[in-house]
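Below is one structure, written out as structure tokens; comments come after it.
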Amino acid sequence: QVQLVESGGGLVQPGGSLRLSCAASRSVLTFNAMAWYRQAPGQQRELVARIINGASTEYHDSVKGRFTVSRDGPKNMLYLQMNSLRPEDTAVYYCNAGIVRQYWGKGTLVTVSS
């Protein structure tokens, strides 16, 4: 069983930055894809950013140019650098790994508010 544990969420003012981290219980190099999703209150979970085979990345249109997804193989970590945060980025952010069989973390709350 793979465990994913997110950290780094919190309260930040609009325009600020946060870096989310996801610690995996096994090598992140074994996953063809890893991703960050988010779910705001009353809304469906949506894909924020994905990294495929450690190289190719894709982003939700609303975060392009502001968020960057990356992974660190030796540390078994996935990251999401979030800059120029907006109130509409407020959500619980989830780490996701795998394609056919997917694993999920429990999430970390990001609140963007003045």
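Structure summary
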read-out	value
Evaluation of LEU11 against (1) open to solvent by 60 Å² or more (accessible area, probe 1.4 Å); (2) of a type in the set (A, V, I, L, M, F, W, C); (3) farther than 16 Å from GLU88 by Cα (one fails), failing number	(3)
Boolean, ALA23 is of a type in the set (A, V, I, L, M, F, W, C) and closer than 11 Å to TYR79 by Cβ	yes
Residue match in region 92-111 (condition: part of a strand (DSSP E or B), in contact with a strand residue (DSSP E or B) (Cβ under 8 Å, 6 or more places away or on another chain) and open to solvent by 60 Å² or more (accessible area, probe 1.4 Å))	yes
Where a residue in region 68-87 is over 18 Å from THR30 (Cβ atoms) and open to solvent by less than 60 Å² (accessible area, probe 1.4 Å) and its partner, wherever it lies, is at pLDDT below 95 and among the β-branched types (Val, Ile, Thr), with Cβ under 6 Å and at least six apart	none
Qualifying positions in region 44-64 - outside any strand (DSSP E or B), loosely packed, with under 14 Cβ neighbours inside 10 Å and either touching a Lys or Arg at 6+ places or on another chain (Cβ under 7 Å) or in contact (Cβ under 8 Å) with a residue 12 or more places away in the chain (or both)	ASN53, SER62
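The values are calculated or read from the model by the stated rules, or taken from the named source; none is laboratory data. Just so you know, these numbers come straight off a predicted model, no measurement behind them. Glycine also receives a Cβ, built like all others from the backbone with ideal geometry; neighbour counts cover every protein chain displayed. Surface areas here come from the heavy atoms of the whole protein model, side chains and all, with no ligands, DNA or RNA. Shrake-Rupley method; radii C 1.70, N 1.55, O 1.52, S 1.80 Å.
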